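Novice: The structure under discussion is supplied below as structure tokens; questions concerning it will follow.
The values are calculated or read from the model by the stated rules, or taken from the named source; none is laboratory data. Everything numeric in this text was worked out from a predicted model, so none of it was measured. FYI the Cβ positions are ideal-geometry reconstructions off the backbone, even for glycines, and counts take in every protein chain you see.
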Amino acid sequence: MASRFALEGEVEEVVPLGAGLINDSYRVKTVAEETPDYVLQRINHAIFQDVDLLQENIRRITEHIRRKLEARGERDTERKTLTVVPAKDGKLYVCDGGTYWRMTVFIRGSRTYEQVTPELAYLTGKAFGEFQDLLSDLPGEPLGATIPDFHNTAFRLEQLREAADADRAGRLAKVRDVVEELKGRAEEMCLAERLFREGKLPKRITHCDTKVNNMLFDEEGRFLCVIDLDTTMPGFVLSDFGDFIRTAGNKGAEDDEDLSRVRVNMEVFREFSRGYAEGTRAFLTPTERELLPYGAQMLTYMQTVRFLTDYLNGDTYYKIKSPEHNYQRTLAQLTLLHDIDAHLEEMKEWIKQLS
Ligand code: GN1
Ligand code: MG
């Protein structure tokens, strides 16, 4: 498959890469030092149904960012955004018997983390605000939604209701209390869409999957760029802020089996939001800013809903490592949500005093 893309050099080996829950990724190593390595991915076509739209979005995003960084005279632009490698026939993907593949350049010397230090969180917050800023003037048509209603809480709750009603895997009895608890918070957690309908909260181009392992850092731990651009589309900044806190701001893992480890890391919260407020000073509205802590709640809530829905459906969406994996993920996310609730006032106070 790798040889069907317009890559430089000779392929040495292909090894699995990363911990994504949706697509399958491989690192394609090339023989010579001078030629780059590549990332080959099998796209989850059941989830991303319009591969043309998906790949065209990513091409537009990465080219726009690269052009702007170059115009600003930034150094190392090669490593500050992804580079799409077309297939030998010029298309942005290869379709092989119903399976879709794509390729990007592997960013030299880059690494990912599952957790970050507060110093790194500050720089990441800043860089992340800049990512949104860079995309604020993307020319042409608005980006299409690669997954419609992706971060629409009301839609996710509807999916949970359907899954609970159908109870396809016969697991409802075990999780009924959690389902009820989540349903009980429906109105509170649909605030963003309500404010949007009332014209009080804008949609901007957002990444919609800012979990910390979707960010690349260099050898010295400096932020390089965000990867996994599949869900970059119009959305709320709260999503992106919230997903980072949900992942990097958790002292435990997203699927921690030891729930006593799952706690919000307030130092990471403080430093990330300090950086983010700086990076977004030019465009963030007072409402958006004030709602940032709510974003952390909303994203953690939504992720709980999504893991639980998948558990009830019999594990059809996320890759799992054990039969109860989605249940474990649900409990870990719910535990985190409770701890964010407990820290909400403290978070709000901190955001208020940032200028
Ligand atoms: C998925 O692809 P990955 O693993 O970066 C998911 C996100 C979830 C995340 C939970 C397209 O992200 O929305 O927040 O898992 N992506 C999609 O870890 O559903
Ligand atoms: Mg990922």
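Novice: How many residues does segment 302-323 contain that are without any contact (Cβ under 8 Å) to a residue 12 or more places away in the chain and of a type outside the set (S, T, N, Q)?
Specialist: Start the filter on segment 302-323 by keeping residues that are without any contact (Cβ under 8 Å) to a residue 12 or more places away in the chain, which leaves 316, 320-323.
Those left that are additionally of a type outside the set (S, T, N, Q): 320-321, 323.
Qualifying residue count, segment 302-323: 3.
Novice: Exactly one of (1) of a type in the set (A, V, I, L, M); (2) surrounded by fewer than 21 Cβ atoms within 10 Å (Cβ to Cβ); (3) more than 13 Å from ligand 1 (Cβ to nearest atom) is unmet by VAL237. Its number?
Specialist: (2)
Novice: Write out, first by first residue and then by second, each pair whose Cβ atoms fall under 6 Å of each other, whose residues are 6+ apart or on separate chains, and whose first residue, in segment 326-355, is within 14 Å of VAL305 (Cα to Cα) and at pLDDT 95 or above while the second is not in a helix (DSSP H, G or I) and not aliphatic (A, V, I, L, M).
Specialist: Listed pairs, sorted by first residue: ASN326/ASP315; GLN328/ASP255; GLN328/GLU257; ARG329/ASP255; ALA332/ASP255; ALA332/ASP256; LEU336/ASN250.
Novice: Among the candidates GLY129, GLY140, single out the residue that is surrounded by 14 or more Cβ atoms within 10 Å (Cβ to Cβ) and in contact with a Lys or Arg (Cβ under 9 Å, 6 or more places away or on another chain).
Specialist: Working: GLY140 fails: surrounded by 14 or more Cβ atoms within 10 Å (Cβ to Cβ).
Answer to the check: GLY129.
Novice: For segment 1-23, what are the residues that are touching a Leu at 6+ places or on another chain (Cβ under 9 Å) and within 16 Å of ligand 2 (Cβ to nearest atom)?
Specialist: LEU17, the sole residue that qualifies.
Conditions tested, residue by residue: (1) surrounded by fewer than 12 Cβ atoms within 10 Å (Cβ to Cβ); (2) within 13 Å of ligand 1 (Cβ to nearest atom); (3) not small (Gly, Ala, Ser).
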position: GLY20; (1), (2), (3): no, yes, no
position: ALA32; (1), (2), (3): yes, no, no
position: ARG42; (1), (2), (3): no, yes, yes
position: LEU53; (1), (2), (3): no, no, yes
position: HIS64; (1), (2), (3): no, no, yes
position: ARG72; (1), (2), (3): yes, no, yes
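Novice: Looking at ARG270, is it surrounded by fewer than 21 Cβ atoms within 10 Å (Cβ to Cβ) and in contact with a Pro (Cβ under 8 Å, 6 or more places away or on another chain)?
Specialist: Values: surrounded by fewer than 21 Cβ atoms within 10 Å (Cβ to Cβ): yes; in contact with a Pro (Cβ under 8 Å, 6 or more places away or on another chain): yes.
Criteria met by ARG270.
Novice: Pull up segment 245-268, narrow it to residues that are within 17 Å of the chain's Cα centre (by Cα) and in a helix (DSSP H, G or I), then point me to the one that is nearest to ligand 2 (Cβ to nearest atom). Give the steps one after another, and end with the answer.
Specialist: Keep residues of segment 245-268 that are within 17 Å of the chain's Cα centre (by Cα), which gives 245-250, 253-255.
Still in the running and in a helix (DSSP H, G or I): 245-248.
Details: ILE245: 17, ARG246: 14, THR247: 10, ALA248: 13 Å.
Applying the filter and picking the extreme gives THR247.
Novice: Then there is this: Counting only residues that are of a type outside the set (Val, Ile, Thr) and either surrounded by fewer than 15 Cβ atoms within 10 Å (Cβ to Cβ) or in a loop (DSSP other than H, G, I, E, B) (or both), how many does segment 106-126 have? Break it down stepwise before answering.
Specialist: As a first pass, look at segment 106-126 and keep what is of a type outside the set (Val, Ile, Thr): 106, 108-111, 113-115, 118-123, 125-126.
From what's left, either surrounded by fewer than 15 Cβ atoms within 10 Å (Cβ to Cβ) or in a loop (DSSP other than H, G, I, E, B) (or both): 106, 108-111, 113-115, 119.
Residues in segment 106-126 being of a type outside the set (Val, Ile, Thr) and either surrounded by fewer than 15 Cβ atoms within 10 Å (Cβ to Cβ) or in a loop (DSSP other than H, G, I, E, B) (or both): 9 in total.
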